[in-house]
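First the structure, in the form of structure tokens, and then the observations on it.
The values are calculated or read from the model by the stated rules, or taken from the named source; none is laboratory data. All of these numbers come straight from a predicted model, not from anything done at the bench. Quick reminder, even Gly has a Cβ in these numbers, built from the backbone with ideal geometry, and neighbours come from all protein chains shown. To get the accessible areas, we keep the full protein, side chains included, count just its heavy atoms, and leave off ligands, DNA and RNA. Shrake-Rupley method; radii C 1.70, N 1.55, O 1.52, S 1.80 Å.
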Amino acid sequence: MDARAGAQAVFDPVIRACHWLTLLLIAAVFSAAWLAHSGLAGEWYQPVMQLHRSLGLSVMALTIFRLAWRRRARIPKLPDDLHPLQKVAARGTEALLYLLLLAQPLLGFLQTSARGQQVDFYFLFHLPNVIGTDRPLARQLHDLHALTANVLLILIGLHAAAALYHHFIRRDAVLAAMLPERLGRAARHQ
């Protein structure tokens, strides 16, 4: 590994935990949506969709917590020798990811309300609807929810590709800074 890797600090442990928990939740959200809409859920369609909704709102809550925690957390700076346009792209992608992690569940929640349905949060309690039943609005919100889901997946793919680029091509410690401590330490010493 080259010398510029040593200058890279690691992310705060809470930020790292939130990052990987967000990834797991997103994988579960998309898996539940796929299962429900593939027809495989059968009579379990509604419970699977309720799980999808609960997981999505958990992503939103975790993202709010994560953004609040970032205000006090240790956030490593990008490598000094990184091209300014790459720094802008990195920060812009990060901001857009956070925006979508908030907007996507909110759109789903609004869509559910506009359909006249309620979110049964982890089958524990019903969340109140925030807007009245409006089928045309529900359709628009559904379409926007689907579009933002695709954009979110593309951005997650770009984010992962950038992390791998840093690790395997640039050979800096950007990826290692976000890995869990044991993996990050191993990656920094390759």
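Inspection of the stretch 163-180 identifies at least one residue that is assigned to a loop (DSSP other than H, G, I, E, B), surrounded by 18 or more Cβ atoms within 10 Å (Cβ to Cβ), among the charged types (D, E, K, R) and touching a residue at least 12 places away in the same chain (Cβ under 8 Å). Restricting the first member to the stretch 88-100 and to residues that are in contact (Cβ under 8 Å) with a residue 40 or more places away in the chain and under 18 Å from Leu23 (Cβ atoms), and the second to residues that are assigned to a helix (DSSP H, G or I) and open to solvent by 60 Å² or more (accessible area, probe 1.4 Å), the beta-carbon pairs closer than 7 Å and six or more apart or on different chains are Thr93/Leu158; Thr93/His159; Leu97/His159.
Residue by residue, here is whether (1) among the acidic types (Asp, Glu); (2) surrounded by fewer than 12 Cβ atoms within 10 Å (Cβ to Cβ); (3) within 18 Å of Ala103 (Cβ to Cβ) holds:
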| residue | (1), (2), (3) |
| --- | --- |
| Leu124 | no, yes, no |
| Asp134 | yes, no, no |
| Ala146 | no, no, yes |
| Leu153 | no, no, yes |
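Per this entry, Ser54 is counted among residues that are in contact (Cβ under 8 Å) with a residue 12 or more places away in the chain, on the phi < 0 side of the Ramachandran plot, touching a strand residue (DSSP E or B) at 6+ places or on another chain (Cβ under 7 Å) and open to solvent by less than 70 Å² (accessible area, probe 1.4 Å).
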